[in-house]
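The structure appears right after this line, and notes come after that.
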Amino acid sequence: MHPLSDFDLIVIGSGPGGYVAAIRASQLGLKTAIVERSELGGICLNWGCIPTKALLKSGEIYEQLSHLSDYGLSVKGAGFDFQKIIERSRGVAATMNKGVTFLMKKHRIEVIAGTAKLEKGSPAPKVVVALSAGGSRTVTAKNVIVATGARAREIPTVGLASDGDRVWTYRDAMAPKALPKTLIVIGSGAIGIEFASFYRALGSDVTVIEAVDRILPVEDEEVSKAAKKAFEKRGIAFRVGAKVTKLSKSKTGVTVDLEVSGKAESLQAEVAIVAVGIAANTENLGLEALGVKLDRGHVATDSHCATNVPGLYAIGDVAGAPWLAHKASHEGVHCVEHIAGLKPANLNTPIPGCTYANPQVASIGLTEAAAKAAGHEVRAGRFPFRVNGKAVAAGETDGFVKTVFDGKTGALLGAHMIGHEVTEMIQGFGVAITLEATEEDLMATVFAHPTMSEAMHEAVLDSFGKVLHL
Amino acid sequence: MSIEILMPALSPTMEEGTLAKWHVKAGDTVKAGDVIAEIETDKATMEVEAVDEGVVEALLVDAGTENVKVNAVIARLAGEGASFDTPPAAAAQDDVKKSPVAESKSPRSPEQGASAPVSKDAMPTARADDERVFASPLARRLAQAAGLDLKAIAGSGPHGRVIKADVDAARGKISTSAPAPSSAKATEDKAPRQVQSLEQMGIAPGSYDLIPLDGMRKTIARRMTDSFRDVPHFPLTIDVEIDALLAARVKINAMLEKDGVKVSVNDLVIKAVATALRRVPEANASYTPDGIAMHHHADIAMAVAIDGGLITPIIRAAETKGLARIAVEAKDLADRARNKKLKPEEFQGGTFSISNMGMMGIKSFASIINEPQGCIMSVGAGEQRPVVKDGQLAVATVMTVTLTCDHRVVDGAIGARFLQAFKPLIEDPLTMIV
């Protein structure tokens with residue numbers, strides 16, 4: 001421990017990036033403190049990833065109730081209590097939050113409740129905390145990691161700014177006062193689609209607006225197409241290639257003016273959810289005074305998450321895309337191991353992306369288009385769940401698995417899935433890519449029968465013309 | 001019991017070599033002292049003798065296999081009158097003692113249980129376990145496609161695993177597809193810089209025969225390139241008159257005839273250099289980043305041309321040896337050099353080199369320094385040349401001598417002083433006695 005520093009490491013922000021970094025640091029024997037101005041666990045645990053999955057689960061079960069007869073079942077008086085659904089998700093968040101509190105204690109990480117600001121210091125910037133309980137405390141460390149996350153991006157010039165009443169961001173959408181009967185979701189990324197899916201499940205009339213010409217634009221084109229079809233089947237309406245020119249509010253709702261391929265259109269609903277991207281939380285941290293370099297709004301970092309200021313690091317959403325909790329955690333571990341002097345092995349570990357709507361979407365690596373653009377000799381294969389035994393038995397036949405290979409080397413470049421619980425399957429492809437497995441290894445692996453995962457195996461076979469069950 | 005025959009180390013620093021030739025095959029009976037194989041390193045070939053008696057069970061390495069690591073199992077002997085069960089641990093210990101080159105006989109493991117002899121077919125033909133390379137499936141495939149040896153690629157994956165990035169890097173280093181030769185400084189594993197192929201440089205394919213590089217040629221290429229590039233060379237040239245030397249040589253050889261010793265001009269040059277180095281010790285030094293190494297002895301290396309290359313056997317502490325002894329040693333070293341029978345310590349090291357091309361009629365030349373030595377002396381042919389003595393034209397036998405110096409350790413003045421000390425010794429051999 002540095003003789004003149006209070007800590008070996010101070011982490012600012014206790015989301016999946018911050019708290020994981022703190023735990024890893026503690027494992028490596030670093031005296032660590034974590035500063036949190038709100039709830040431990042950050043957005044992910046409290047107002048993001050976790051509680052939305054609880055909401056989506058409630059929605060999913062309720063939607064299944066309308067298909068019970070398919071399974072030879074019936075129910076009378078099916079219904080839901082919206083506030084109870086919301087409460088459950090708050091309870092889930094509280095449980096997870098308690099879990100992080102416990103972990104901080106277990107790993108002897110000092111939690112400082114307050115808002116941090118950085119000031120010049122050596123060997124790392126000083127951390128001046130405006131304590132939540134009042135007063136101020138300055139702490140020093142050998143290293144400081146900024147893990148302050150991000151918030152919903154807003155575009156006030158066209159009215160895309162939340163007011164907590166008619167115009168919501170994710171936060172408002174997770175604990176609203178009432179269930180809106182009609183809803184416009186602006187933005188078809190994972191967040192927009194998940195909320196659209198949830199509210200549709202509970203019966204709201206939902207229209208999703210997307211500026212790009214397809215929904216879930218980061219996914220493989222085939223997945224975007226299949227997702228749109230599946231959501232439309234559930235009654236969700238879409239406007240793609242649509243630019244929002246103005247959002248105006250009234251006491252009872254919103255009017256969203258659009259421009260779709262040159263034509264103007266106006267949509268109305270009780271509520272609009274703005275899900276048009278992320279803005280990193282870089283303000284009021286003292287970054288400008290320290291001369292911390294930013295890159296398109298987020299903190300610029302090198303391959304070890306170091307900023308241009310000695311002793312200062314940044315991880316997670318505040319450091320840029322992809323804005324995913326597991327990316328933040330992964331960076332947290334890597335950054336701390338680097339600080340501790342460990343030399344993590346050189347591994348290509350791709351970051352998967354998941355959307356927990358109904359149907360789910362999960363993907364990793366390159367899309368087919370990106371692989372082709374990168375010059376690979378692409379061999380792509382697909383396998384639909386409608387001919388997978390387990391999927392048919394469970395009545396969950398929507399979707400498919402698609403694998404993208406480099407035909408020359410047999411390297412797995414990417415995998416793209418849509419369907420029931422595919423988010424649980426994507427790790428198999430992640431492991432394969434990390435280990436640099438080739439098609440041979442994947443083909444040789446025995447997948448249990450009957451599982452939906454067999455579709456992964458068959459997609460690999462299909463990539464090389466050897467599919468068995470199609 | 002099976003006795004494992006391990007790849008011997010020909011010198012303390014040897015790490016691997018080529019199993020050049022087998023003198024036995026499976027089924028042959030060998031006695032202690034029988035030559036069973038020949039091992040080759042960059043500059044020497046060595047016979048491997050059997051230490052134990054027995055029947056050769058299996059040869060595990062093919063003749064001609066390169067990069068066989070020291071202590072790798074190269075063959076198995078079925079020991080005489082013992083069972084065929086070998087405790088695997090026994091072979092792992094006593095590595096050095098089991099090496100056939102060792103002076104003392106290695107003790108045979110006292111396995112005396114009666115067991116049926118294992119048929120030869122059951123012997124595994126697998127490589128020794130320590131040869132397994134950890135590599136990802138993709139890296140393995142890419143290396144194979146590029147014709148690269150996985151063992152030669154440094155792995156940056158977990159636990160030193162070779163991954164795609166490592167194979168890509170290795171491929172990039174030896175790629176010859178770039179039309180412009182890009183510079184590539186030698187890395188720790190001494191990757192060759194990117195060069196154009198012969199075809200790219202205008203030599204049509206099929207217009208030449210390609211002779212594979214052997215160990216010696218590869219070593220010469222590497223060492224000479226490194227020296228030429230890294231050592232700041234400069235030459236100092238003088239002419240010496242050797243009539244007196246030649247006359248002295250005749251007299252000396254007459255004296256030594258009864259002992260069967262013949263002294264050559266080169267032997268006299270060696271003696272003169274050794275003596276001059278005693279007087280100018282600064283020319284008997286090596287540059288190191290930690291300091292100038294002032295050698296205690298003049299270990300004179302003589303360049304000997306051999307089949308396919310050249311080698312530099314060393315006369316150690318030449319300043320302590322008389323001319324006759326130098327002559328005998330030089331002849332013996334040269335003979336064994338030509339037969340590739342030198343021991344590593346006989347040609348590795350040295351503090352000063354002499355290269356003599358006089359017998360080939362070369363007037364003068366400037367050799368490339370043998371790192372880490374500070375100088376190399378290039379001796380030309382002694383020829384009848386016109387000289388000026390007291391303002392008059394005369395004729396003398398003149399020999400041009402060029403001293404190439406490593407400017408980091410031997411400056412012009414030091415080199416010059418050395419040659420000033422050397423010249424009178426050569427021109428008046430009697431002074432070498434003093």
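The values are calculated or read from the model by the stated rules, or taken from the named source; none is laboratory data. For clarity, every value in this text was computed on a predicted model and none was experimentally measured. Every residue, glycine as well, gets a Cβ built from its backbone with ideal geometry; the counts of neighbours run over all protein chains shown.
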Which condition does A:Ala448 not pass, out of (1) away from chain B (no Cβ under 14 Å); (2) outside any helix (DSSP H, G or I); (3) crowded, with 21+ Cβ neighbours inside 10 Å, if it passes all the others? (3)
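Residues are listed down the side, and each one gets a yes or a no for (1) in the same structural domain as B:Lys423 (by TED's automatic domain parsing); (2) assigned to a loop (DSSP other than H, G, I, E, B); (3) modelled with pLDDT under 95; (4) not charged (D, E, K, R):
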{"residue": "B:Met255", "(1), (2), (3), (4)": "yes, no, yes, yes"}
{"residue": "B:Val261", "(1), (2), (3), (4)": "yes, yes, yes, yes"}
{"residue": "B:Ala276", "(1), (2), (3), (4)": "yes, no, no, yes"}
{"residue": "B:Ala334", "(1), (2), (3), (4)": "yes, no, yes, yes"}
{"residue": "B:Ala337", "(1), (2), (3), (4)": "yes, no, yes, yes"}
Considering the range A:115-164, residues that are outside any strand (DSSP E or B) and basic (Lys, Arg), and then whichever is nearest to A:Asp302 (Cα to Cα), we arrive at A:Lys120
Condition check for A:Ala306: more than 14 Å from chain B (Cβ to nearest Cβ), touching a Phe, Trp or Tyr at 6+ places or on another chain (Cβ under 6 Å) and within 15 Å of A:Val146 (Cα to Cα): yes
Counting only residues that are buried (at least 18 other Cβ atoms within 10 Å of the Cβ), part of a helix (DSSP H, G or I) and touching a helix residue (DSSP H, G or I) at 6+ places or on another chain (Cβ under 9 Å), the range B:204-247 contains a total of 1
Please verify whether the range A:21-33 includes one or more residues that are polar (S, T, N, Q), farther than 28 Å from A:Ala280 by Cβ and surrounded by fewer than 23 Cβ atoms within 10 Å (Cβ to Cβ). no
If you take the residues in the range A:428-455 that are aliphatic (A, V, I, L, M) and touching a Phe, Trp or Tyr at 6+ places or on another chain (Cβ under 7 Å), which one is farthest from A:Asp406 (Cα to Cα)? A:Met452
If I ask for residues that are among the small types (Gly, Ala, Ser) and either within 25 Å of the chain's Cα centre (by Cα) or on the phi > 0 side of the Ramachandran plot (or both), which ones from the range A:80-113 would you list? A:Ser89, A:Gly91, A:Ala93, A:Ala94, A:Gly99
Yes or no: A:Met456 part of a loop (DSSP other than H, G, I, E, B), in contact with a strand residue (DSSP E or B) (Cβ under 9 Å, 6 or more places away or on another chain), of a type in the set (A, V, I, L, M) and crowded, with 17+ Cβ neighbours inside 10 Å? no
Determine whether the range A:353-368 contains at least one residue that is more than 14 Å from every other protein chain (Cβ to nearest Cβ) and more than 30 Å from A:Lys233 (Cα to Cα). no
For the list (1) farther than 27 Å from B:Ile163 by Cα; (2) surrounded by fewer than 21 Cβ atoms within 10 Å (Cβ to Cβ), I need the number of the one condition that A:Ala374 fails. (1)
Going through (1) hydrophobic (A, V, I, L, M, F, W, C); (2) over 18 Å from the mean Cα position of the chain (by Cα); (3) farther than 27 Å from A:Ala459 by Cβ one by one, A:Ala369 fails only at (3)
For A:Ala369, indicate whether it is in contact (Cβ under 8 Å) with a residue 12 or more places away in the chain and surrounded by fewer than 17 Cβ atoms within 10 Å (Cβ to Cβ). yes
A:Ser224 meets each of (1) more than 20 Å from the chain's Cα centre (by Cα); (2) polar (S, T, N, Q); (3) within 30 Å of A:Asn358 (Cα to Cα) with one exception, condition (1)
Collect the residues in the range B:235-253 that are modelled with pLDDT under 95 and farther than 16 Å from B:Asp428 by Cβ, keeping them in residue-number order. B:Asn253
Looking at A:Gly419, A:Gly428, A:Gly407, A:Gly465 in this structure, which one is within 14 Å of chain B (Cβ to nearest Cβ) and not hydroxyl-bearing (Ser, Thr, Tyr)? A:Gly407
Report the residue count in the range B:129-150 for those that are in contact (Cβ under 8 Å) with a residue 40 or more places away in the chain and under 20 Å from A:Thr409 (Cα atoms). 1
Could you list all residues from the range B:310-340 that are surrounded by fewer than 17 Cβ atoms within 10 Å (Cβ to Cβ) and closer than 14 Å to B:Asn370 by Cβ? B:Leu310
With respect to A:Glu440, is the statement that it is outside the structural domain of A:Lys225 (by TED's automatic domain parsing), closer than 25 Å to B:Gly160 by Cβ and assigned to a helix (DSSP H, G or I) true? yes
Do the conditions hold for B:Thr402, that is, is it touching a Pro at 6+ places or on another chain (Cβ under 6 Å) and of a type in the set (Ser, Thr, Tyr)? yes
Check the range A:43-64 and report whether any residue there is at positive phi and at pLDDT 95 or above. no
Cross-chain or 6+ apart pairs with Cβ under 6 Å, the range A:240-253 first and farther than 17 Å from A:Leu183 by Cα, then part of a strand (DSSP E or B) and of a type in the set (Asp, Glu): A:Lys243/A:Glu259; A:Thr245/A:Asp257; A:Thr245/A:Glu259
Over the range B:129-165, the set of residues more than 7 Å from chain A (Cβ to nearest Cβ) and assigned to a helix (DSSP H, G or I) is B:Asp129, B:Asp130, B:Glu131, B:Arg140, B:Ala143, B:Gln144, B:Ala145, B:Leu150, B:Lys151, B:Ala152, B:His159, B:Gly160
Filtering the range B:341-363 for residues that are in a loop (DSSP other than H, G, I, E, B) and either of a type in the set (A, V, I, L, M) or crowded, with 18+ Cβ neighbours inside 10 Å (or both) leaves a count of 5
With B:Ala274, B:Ala285, B:Ala293 as the choices, which residue is small (Gly, Ala, Ser), touching a helix residue (DSSP H, G or I) at 6+ places or on another chain (Cβ under 7 Å) and surrounded by 15 or more Cβ atoms within 10 Å (Cβ to Cβ)? B:Ala274
Considering the range B:50-102 alone, what residues qualify as being in a loop (DSSP other than H, G, I, E, B), modelled with pLDDT of 75 or more and either farther than 11 Å from B:Glu4 by Cβ or of a type outside the set (Gly, Ala, Ser) (or both)? B:Ala50, B:Val51, B:Asp52, B:Glu53, B:Leu60, B:Val61, B:Asp62, B:Ala63, B:Gly64, B:Val70, B:Asn71
For the range A:209-274, please list each of the strands (runs of 3 or more DSSP E) lying entirely inside it that holds at least 3 residues being of a type in the set (Gly, Ala, Ser) and more than 23 Å from A:Asp398 (Cβ to Cβ). A:263-269
